[in-house]
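The values are calculated or read from the model by the stated rules, or taken from the named source; none is laboratory data. Please read these numbers as outputs of a predicted model, since none were measured by experiment. Here the Cβ is made from the backbone with ideal geometry for all residues, glycine too, and neighbour counts use every protein chain on show. Accessible surface is based on the protein model in full, side chains and every heavy atom, while ligands, DNA and RNA are left aside. Shrake-Rupley method; radii C 1.70, N 1.55, O 1.52, S 1.80 Å.
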Amino acid sequence: GESVGLHLPTLSVQEGDNSIINCAYSNSASDYFIWYKQESGKGPQFIIDIRSNMDKRQGQRVTVLLNKTVKHLSLQIAATQPGDSAVYFCAENMGGFQKLVFGTGTRLLVSP
Amino acid sequence: DAGVTQSPTHLIKTRGQQVTLRCSPKSGHDTVSWYQQALGQGPQFIFQYYEEEERQRGNFPDRFSGHQFPNYSSELNVNALLLGDSALYLCASSLEETQYFGPGTRLLVL
């Protein structure tokens, strides 16, 4: 069935540490993946995306890695800050019409 | 440039009532998608509108319907509300693949 799941529901880190959030997806035909950050009471905020013809993409303090062999996606956040505390979702584009399938999310808690 | 906007921000209804939620897409975007997010879960795709037509639909009953206007704004209508319809309703707009979300409408059904 359709599913995008996360290995860890909660990740607690210290300020300044690097954070890694993992995600497994099930549809090998998916060709586009997005990471979103959602703060309490707000809508999901786009962080970074990656297409299936890439295995790595970097943004400002964030890196997304895609391993199609094991259908695994990760989000790396460098020098994590308290403002990074939120729930992070990976989403999978299933089909050509931009239907996104989300996992249940990982809560990132950053301690000062 | 305003991002995706939604109205109202919060809404309380009773079972059996009908509700209409509204969304204005980001400037330049022509596609609007609607998602339902229950507490503690990820968003679930309801449907997507492009060129004023429903292009794709998720696993939601016919009580959920929508509309897209010539200016690309969109409405989500839910009839015969159930307690289980209580959720955050998110609108996302896009021009190509990347979807940008609005702040959502929090619906509580009593």
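Pairwise over distinct Cα atoms, reciprocal of the mean inverse distance: report the Kirkwood radius of chain A in Å, one decimal place.
Computed over Cα pairs of chain A, the Kirkwood hydrodynamic radius comes out at 14.0 Å.
Give me the inter-chain shielding for A:35-43: mean count of other chain Cβ atoms within 10 Å, whole number please.
4
Taking N as the number of residues in chain B, what value does Rg over Cα atoms divided by 2.2 N^0.38 Å take? Provide the component values of the computation, followed by the final result.
Working: Rg = 13.0 Å, N = 110, 2.2 N^0.38 = 13.1 Å.
Its radius of gyration relative to the 2.2 N^0.38 Å reference: 0.99.
Count the lysine pairs in the protein assembly as shown whose Cα atoms sit under 23 Å apart, keeping only pairs 8 or more residues apart in sequence or on different chains.
Total qualifying Lys-Lys pairs in the protein assembly as shown comes to 14.
Which Cα, out of A:P112, B:F101, B:Q48, lies furthest along the positive dipole direction of the protein assembly as shown (beta carbon charges, K/R +1, D/E -1)?
The residue sitting farthest along the positive end of the dipole is A:P112.
Give the B-A buried accessible area in Å², both sides summed, 1.4 Å probe, nearest 100.
1700 Å²
At 1.4 Å probe radius, can you tell me the per residue accessible area of chain A in Å²?
48 Å²
Measuring from a point 7 Å past the Cα of A:T104 along Cα-to-C-beta, which residues in the stretch A:8-30 have an amide N at less than 17 Å?
A:8-12, A:22-26, by backbone N distance to the label point.
Please list, in order along the stretch B:29-42, the HN-Hα scalar couplings obtained from phi with the Karplus expression 6.51 cos²θ - 1.76 cosθ + 1.60 (θ = phi - 60°), rounded to whole Hz, x for Gly and Pro.
Working through the residues one at a time gives 8, 10, 10, 10, 10, 10, 9, 10, 10, 6, 4, x, 10, x Hz.
At B:L108 and B:A80, where each label point lies 7 Å from the Cα along Cα→Cβ, what is the point-to-point distance in nanometres?
Taking the simple label geometry, B:L108 and B:A80 are separated by 2.6 nm.
What is the extension gain from B:L95 to B:E54, computed as 0.36 nm multiplied by their sequence separation minus the C-alpha to C-alpha distance, in nm to one decimal?
13.2 nm
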